[in-house]
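First the structure, in the form of structure tokens, and then the observations on it.
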């Protein structure tokens with residue numbers, strides 16, 4: 001059974017810092033992995049999607065990497081801003097034959113001005 | 001237009017009420033999803049529709065009844081809910097892949113409906 005863990009559960013950093021969020025999954029037979037952002041009481045916004053054949057994806061100040069063999073993905077946020085404060089969730093799709101994403105428990109990020 | 005809309009934003013209902021949640025998208029996506037999210041927990045998949053046909057039901061109690069009347073619209077009918085069903089209900093959509101299976105593209109989520117069952 002696929003389990004997805006995110007560490008740390010919460011993180012508070014001063015503005016301007018570069019930071020790394022971690023996502024670990026137990027079954028390396030994944031189809032793809034997505035990183036989402038969720039503001040309190042709101043829906044999810046997709047940040048980056050990495051296919052299983054890819055090693056990383058970049059969008060602006062965000063860079064996500066994927067190491068299937070070790071069951072890990074990281075989300076790197078450069079030059080953090082207060083507007084980055086949110087909960088960040090990773091989600092993995094197990095195989096190509098299913099729509100189901102397994103979500104991690106999330107990292108609550110607070111960037112202090 | 002990359003927007004998924006959900007109505008209502010908030011809903012309070014008694015355990016004997018019948019209500020419906022509505023989700024709409026105009027991105028041409030043919031896969032639509034219902035998720036349930038409890039506070040400080042990740043979303044949990046409830047239902048998936050692909051080309052207006054129910055593709056996945058994650059063993060959801062029958063008091064939740066999904067409906068996909070057309071390719072842009074997804075409803076969730078609620079009846080005889082329990083207080084533990086109080087949660088944020090999220091709708092999402094995506095392009096399906098070949099033969100109606102999951103596609104490569106990302107899921108787009110709506111803002112959710114905050115449901116409180118008294």
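The numbers here are math on the coordinates, done by the rules we state, and not lab data. Computed from a predicted structure; not experimentally measured. Methodologically, a virtual Cβ is constructed for each residue, glycine included, from the backbone with ideal geometry; neighbour enumeration extends over all protein chains shown.
Taking only the Cα atoms of chain A, the radius of gyration and Dmax are 13.5, 44 Å. Take every Cα pair under 8 Å whose residues are at least 6 apart in sequence, average their separation, divide by the length of chain B, and the relative contact order is 36 percent. When the Cα atoms of chain B are aligned to their principal axes, the ranges along those axes come out at 43, 26, 26 Å in descending order. Contact order for region A:1-59, expressed relative to its length and based on alpha carbon pairs under 8 Å spaced 6+ residues apart, stands at 26 percent. Summary of the geometry: region B:1-28 and region A:35-99, compared by the centres of their Cα atoms, lie 26 Å apart.
Put in line by how crowded their Cβ is, counting other Cβ atoms within 10 Å and starting with the fewest, B:35, B:51 read B:51, B:35. Go ahead and run the numbers for FRET between residue A:55 and residue B:77, Cβ-Cβ distance against an R0 of 45 Å, rounding to 0.05. Using R0 = 45 Å, I get an efficiency of 0.55. DSSP beta bridges in the protein assembly as shown, what fraction antiparallel, as a percent rounded to 5? Given both bridge residues lie in the protein assembly as shown, the antiparallel proportion sits at roughly 90 percent.
One quarter of the convex hull surface built on the alpha carbon atoms of the protein assembly as shown amounts to 12.5 nm², the projected area averaged over directions. Ranking of A:93, A:72 by neighbouring Cβ atoms within 10 Å, starting from the fewest: A:72, A:93.
What ranking of B:59, A:28 emerges when the number of other C-beta atoms within 10 Å of each C-beta is taken as an exposure proxy, fewest first?
B:59, A:28
Sequence-distant contacts, meaning Cα pairs under 8 Å at least 6 residues apart, place the relative contact order of region A:19-99 at 40 percent.
Put a dot 7 Å past the Cα of residue B:9, heading toward its Cβ, do the same for residue A:12, and the two dots end up 2.9 nm apart. With a 10 Å cut-off around each Cβ of A:41-49, the average count of Cβ atoms from other chains is 6.
Antiparallel beta bridges, as assigned by DSSP with both residues in chain A, represent about 90 percent of the total such bridges.
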